[in-house]
Amino acid sequence: MSWKKLNHDEIKEIVFSSLKGNISYSEKNLLGVPASYLDEKVFPKDNALLKDAPFLSTMVENPNHIGCHTFGSSESFFSGTHKIEQELIEICAVDIFKSKENSIDGYVASGGTEANIEAIWIYRNYFMYEFNAKPEEILLVCSADSHYSMAKAANLLNIPLLKAEVDQFSRKIDSEQLKKSLVDKKENGTKYIIAVANMMTTMFGSVDDPSDYTDIFKALDLPFKLHIDGAYGGFYYPFSNKESNLNFDNSDITSITIDAHKMAQAPYGTGIFLIRKDWMKYAQTKEASYVEGEDCTLIGSRSGANAVSVWMILSKYGPYGWMEKIFVLQKRTDWLCEQLRSRDIVFFRDKHSNIVTIDSKSVDHKIAEHYHLVPDNHNDPKWFKIVVMDHVSIDKLMEFLTAIDEKRD
Ligand SMILES: Cc1ncc(COP(=O)(O)O)c(C=O)c1O
């Protein structure tokens with residue numbers, strides 16, 4: 001196990017000594033990089049606050065984590081904090097997603113959108129480089145409930161997109177319909193599949209069964225690569241459903257996106273991309289020759305403070321503290337569902353999820369707007385969602401339910 005619970009002093013000690021492992025812009029001759037510490041007139045380095053604040057200190061020191069640090073070589077200037085990122089990737093891969101030790105590469109991306117596009121970019125290049133595939137022969141398959149980053153990826157990478165229909169109430173993929181569509185696509189030139197299965201969708205928190213996709217690809221003899229979009233659910237679902245097969249134990253899965261800036265309450269800019277070893281090379285950009293180790297990420301320069309923040313959060317909780325955090329949110333969500341049921345309000349909830357999506361016919365739209373429930377569509381809402389985050393307490397949920405009761409009286 002790589003994931004250990006640490007106290008504040010231990011975390012501080014590790015982060016400050018990692019910063020010492022970087023080449024300091026102020027203390028060493030670092031003449032050739034187009035970067036420096038944060039502007040001292042605005043962010044003074046002698047601010048007393050920083051002494052006790054490893055994350056803010058890392059922000060001010062401003063290490064660049066350009067590239068991927070889990071394989072090959074990286075910029076040596078910032079090797080101290082790169083090591084923290086390596087540890088973070090290993091914790092996510094081994095302790096959360098059941099990989100073998102040192103078998104996963106990854107990096108802290110700008111967010112779920114980038115991590116999803118990185119995966120699809122890698123697999124598109126794989127089919128193009130290894131099989132001479134034309135972009136139009138590579139089909140991106142996801143579900144109607146998938147995040148819109150799939151549409152962005154298909155558009156940017158110039159490959160066609162097929163969204164599998166889902167049942168309106170169970171949000172499950174319609175396998176029969178998907179099979180028919182794929183038979184048709186195959187007859188019309190599709191030769192390779194990039195599939196993305198959801199580990200908690202944006203609007204419903206629904207979870208795909210990856211075999212709903214892979215059984216069909218196998219039956220139709222279509223070569224495929226499978227990515228998991230756990231941007232929302234990656235720090236939740238593995239803890240709420242111990243039986244989950246959305247992890248590296250499942251040999252059909254090659255890569256996973258998990259966003260720390262959602263359920264892990266980390267700063268924005270902390271999407272995490274994980275992929276089995278030997279795949280990052282398909283995004284290696286040889287033209288990045290001035291970067292030591294070149295670059296196989298989509299983003300280029302990125303803040304080392306982001307990786308440090310997620311590592312700090314996970315280290316402060318430890319694995320059991322994290323389990324407890326998710327347990328509390330699950331219980332709160334159970335409570336909310338009971339309350340809705342007792343009022344005959346129609347909603348969808350996957351039993352392992354903390355998203356509750358209410359049928360718009362069941363709730364007064366003015367109340368939904370007042371409590372900032374998020375609609376599926378701002379012009380014509382069919383659903384409104386509640387996301388039971390840390391700040392969404394039972395007190396706050398009770399206010400919402402009372403408003404519904406008062407409206408009915
Ligand atoms: C399931 C899912 N995937 C991807 C994303 C995109 O994440 P980001 O906004 O960090 O790019 C989101 C965002 O809500 C999401 O819910």
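The table that follows gives values for the structure above.
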item	result
Residue in the stretch 25-47 that is part of a helix (DSSP H, G or I) and either of a type in the set (A, V, I, L, M) or modelled with pLDDT of 85 or more (or both) present	no
Residues that are touching a strand residue (DSSP E or B) at 6+ places or on another chain (Cβ under 6 Å), closer than 30 Å to Val346 by Cβ and β-branched (Val, Ile, Thr), drawn from the stretch 183-206	Val196
Near pairs, Cβ below 6 angstrom, 6+ apart or cross-chain, from the stretch 91-120 (closer than 13 Å to Thr297 by Cβ and modelled with pLDDT under 95) to any residue that is within 16 Å of the ligand (Cβ to nearest atom) and part of a strand (DSSP E or B)	none
Residue match in the stretch 172-192 (condition: more than 15 Å from the ligand (Cβ to nearest atom) and on the phi > 0 side of the Ramachandran plot)	yes
Residues located in the stretch 279-305, provided they are crowded, with 20+ Cβ neighbours inside 10 Å and either under 20 Å from Asp52 (Cβ atoms) or free of Cβ contacts under 8 Å to residues at least 60 places away in the same chain (or both)	Gly304, Ala305
Looking only at the stretch 198-222, and only at residues there that are under 22 Å from Ala115 (Cβ atoms) and polar (S, T, N, Q), the one that is farthest from the ligand (Cβ to nearest atom)	Thr214
The stretch 15-53, residues that are within 30 Å of the chain's Cα centre (by Cα), farther than 20 Å from Ser76 by Cβ and in contact (Cβ under 8 Å) with a residue 12 or more places away in the chain	Leu38, Asp52
Selection status of Val60, more than 25 Å from the chain's Cα centre (by Cα), surrounded by 14 or more Cβ atoms within 10 Å (Cβ to Cβ) and not small (Gly, Ala, Ser)	yes
Pick from the stretch 252-265, criterion within 17 Å of Ile96 (Cα to Cα) and more than 11 Å from the ligand (Cβ to nearest atom), ranking: surrounded by the fewest Cβ atoms within 10 Å (Cβ to Cβ)	Gln265
Of all residues in the stretch 3-23 being surrounded by 14 or more Cβ atoms within 10 Å (Cβ to Cβ) and not in a helix (DSSP H, G or I), the one that is modelled with the lowest pLDDT	Ile23
Top-ranked residue of the stretch 111-158 - restricted to ones that are more than 15 Å from the ligand (Cβ to nearest atom), hydrophobic (A, V, I, L, M, F, W, C) and not in a helix (DSSP H, G or I), ranked as surrounded by the fewest Cβ atoms within 10 Å (Cβ to Cβ)	Ala133
Residue selected from the stretch 223-245 under the condition surrounded by 18 or more Cβ atoms within 10 Å (Cβ to Cβ) and under 27 Å from Lys186 (Cα atoms), by the criterion nearest to the ligand (Cβ to nearest atom)	Asp229
Asp376 on the phi > 0 side of the Ramachandran plot and surrounded by fewer than 17 Cβ atoms within 10 Å (Cβ to Cβ)	no
Test for His391: is it within 30 Å of Glu243 (Cβ to Cβ) and either not hydroxyl-bearing (Ser, Thr, Tyr) or not in a loop (DSSP other than H, G, I, E, B) (or both)	yes
Matching residues in the stretch 271-285 - criterion: being within 16 Å of the ligand (Cβ to nearest atom) and either over 12 Å from Gly106 (Cα atoms) or touching a Cys at 6+ places or on another chain (Cβ under 7 Å) (or both)	Ile272, Leu274
The stretch 215-237, residues that are part of a loop (DSSP other than H, G, I, E, B) and not small (Gly, Ala, Ser)	Leu220, Asp221, Leu222, Pro223, Tyr232, Phe235, Tyr236
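Conditions (1) more than 23 Å from Met263 (Cα to Cα); (2) in a helix (DSSP H, G or I); (3) β-branched (Val, Ile, Thr); (4) touching a Pro at 6+ places or on another chain (Cβ under 7 Å), marked per residue:
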position	(1), (2), (3), (4)
Gln177	yes, yes, no, no
Ser181	yes, yes, no, no
Gly189	yes, no, no, no
Val196	no, no, yes, no
Tyr213	yes, yes, no, no
Phe239	no, yes, no, no
Lys242	no, no, no, no
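The values are calculated or read from the model by the stated rules, or taken from the named source; none is laboratory data. Since the structure is predicted, the reported quantities are computational estimates derived from the model, not experimental observations. Reconstructed Cβ throughout: ideal geometry from the backbone, glycine too, with neighbour counts over all protein chains shown.
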